[in-house]
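The values are calculated or read from the model by the stated rules, or taken from the named source; none is laboratory data. Since we're looking at a predicted model, the values are computed, not measured. Note that each Cβ is placed from the backbone with ideal geometry, even for glycine, and that neighbours are counted across all protein chains shown. These accessible areas exclude ligands, DNA and RNA; they are computed on the full protein's heavy atoms, side chains included. Shrake-Rupley method; radii C 1.70, N 1.55, O 1.52, S 1.80 Å.
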Amino acid sequence: MRADGIEAVIFASSGLHLIDEPDPVAHLLGHRGAGAAVAVLRADGRAVLLVGHGEPAAARVDGCAVIVDADPAAALARLGLPRALGAVGLERVHFALGDALAEIAPHGWDGRFDQLSAARTQSEIAAAGRATAIAEAGYAWLLARAPAAVRDGMRECDFAIEINLHMRALGAEDSFLMLNCLPRAPAVMPSSERVMRAGDLLLVELSPCVDGQFTQICRTVSLGEPAASVRADHALLVRALAAGIAAIAPGAPVRAICDGIDAVMAAAGHGAYSRPPHLRRRGHGLGCGTVWPGDIAHDNEILLERDMLFVVHPNQFLPDAGYLMCGAPVRVGAHGAELLGYGAADLGVVAP
């Protein structure tokens, strides 16, 4: 902040804690509230948190003053802030609050903040490890529960609720989950009221959150003996995942991960399916503090740094089997990728 000539920075949070969106207030103060919050951090280290009414979590924030006010922007104006102000996260809050804050602090500081918080703290990395263990346990539970779910004619949405509740019981404070079943899916989709059936391929993203840090694993499960084409196509994706992870190293550009994955897919004759509209990205950062390095995409020239955290998933549509998934969360280590989970993204097979 001093290097940029800024005396204080205003950080805004929408209160929506999402897997691939940053939450600078949560990152700085550990406050993850149910509504919008604004934090002010001065260059001398003093901090103030402004929250709306009905936020008991604010009382537990250490090291800063807390102001409860129905109008955070008005409360902020009364603080007597310095003129040299930066702002982070204004575009993610309600437009009225964002506009009001922009008048107080018109200088965007988002890019700078992303750079400074790209390397995860040891507590964030530890939380990601615990969250990944919960995701792996949730997947093991899914495999054990699926045969009965198919036998009983369970709907996708009910099965998804059971998995989420199981991960909550294991210690997840939040969870983003995508799950759907079809014999041949065009993409992974939110769960519907469709009944799970033998012969389906179950696609799932398990993304629990611990201490404000999300993780994600991606899996494909065959509900019954899979066709040979499904086994072959999924094994191809697993090899592509390994190639993408092998490209991870400090100083390497993010796009190198995509290049590694695409080389495997192109060699198998599927290069045409490695671009939009068949896919958008090969992974992404993990919120809710910072989500750098952002999308694992071809146009991302960001250089990887040690202790960055993100998920790699070569999920994509293939002409024979349809859409398939496999993915793993990784940390950038001193010499390459360090897997947070078991690393086994093989095709799951259950016998309904």
Next on the checklist: Would you confirm, using the coordinates I've provided, whether Ala344 is closer than 15 Å to Leu236 by Cα, touching a helix residue (DSSP H, G or I) at 6+ places or on another chain (Cβ under 7 Å), open to solvent by 40 Å² or more (accessible area, probe 1.4 Å) and without any contact (Cβ under 8 Å) to a residue 24 or more places away in the chain?
Outcome noted: no
Checklist entry - All but one of (1) more than 30 Å from His313 (Cβ to Cβ); (2) touching a Phe, Trp or Tyr at 6+ places or on another chain (Cβ under 7 Å) hold for Ala84; which doesn't? => result (2)
Checklist entry - Within the range 324-332, can one find any residue that is of a type in the set (Lys, Arg), within 21 Å of the chain's Cα centre (by Cα), closer than 25 Å to Gly129 by Cβ and crowded, with 22+ Cβ neighbours inside 10 Å? => result no
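Residues are listed down the side, and each one gets a yes or a no for (1) surrounded by fewer than 21 Cβ atoms within 10 Å (Cβ to Cβ); (2) under 18 Å from Ala328 (Cβ atoms); (3) touching a Gly at 6+ places or on another chain (Cβ under 7 Å):
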{"residue": "Leu223", "(1), (2), (3)": "no, no, yes"}
{"residue": "Ala247", "(1), (2), (3)": "no, yes, yes"}
{"residue": "Gly251", "(1), (2), (3)": "yes, no, no"}
{"residue": "Arg255", "(1), (2), (3)": "yes, no, no"}
{"residue": "Ala267", "(1), (2), (3)": "yes, no, no"}
{"residue": "Gly271", "(1), (2), (3)": "yes, no, no"}
{"residue": "Pro276", "(1), (2), (3)": "yes, no, no"}
{"residue": "Arg280", "(1), (2), (3)": "yes, no, no"}
Item to check | Residues (of a type outside the set (Ser, Thr, Tyr), outside any loop (DSSP other than H, G, I, E, B) and surrounded by fewer than 16 Cβ atoms within 10 Å (Cβ to Cβ)) located in the range 225-238 | outcome: Ala228, Ala232, Ala235
Checklist entry - Do we have Gly108 as in contact (Cβ under 8 Å) with a residue 24 or more places away in the chain and in contact with a helix residue (DSSP H, G or I) (Cβ under 9 Å, 6 or more places away or on another chain) here? => result no
Item to check | Criterion violated by Ile261 - all others in (1) buried (at least 17 other Cβ atoms within 10 Å of the Cβ); (2) assigned to a loop (DSSP other than H, G, I, E, B) satisfied | outcome: (2)
Checklist entry - more than 29 Å from the chain's Cα centre (by Cα) and either at pLDDT 80 or above or under 26 Å from Glu173 (Cβ atoms) (or both): does that describe Arg2? => result yes
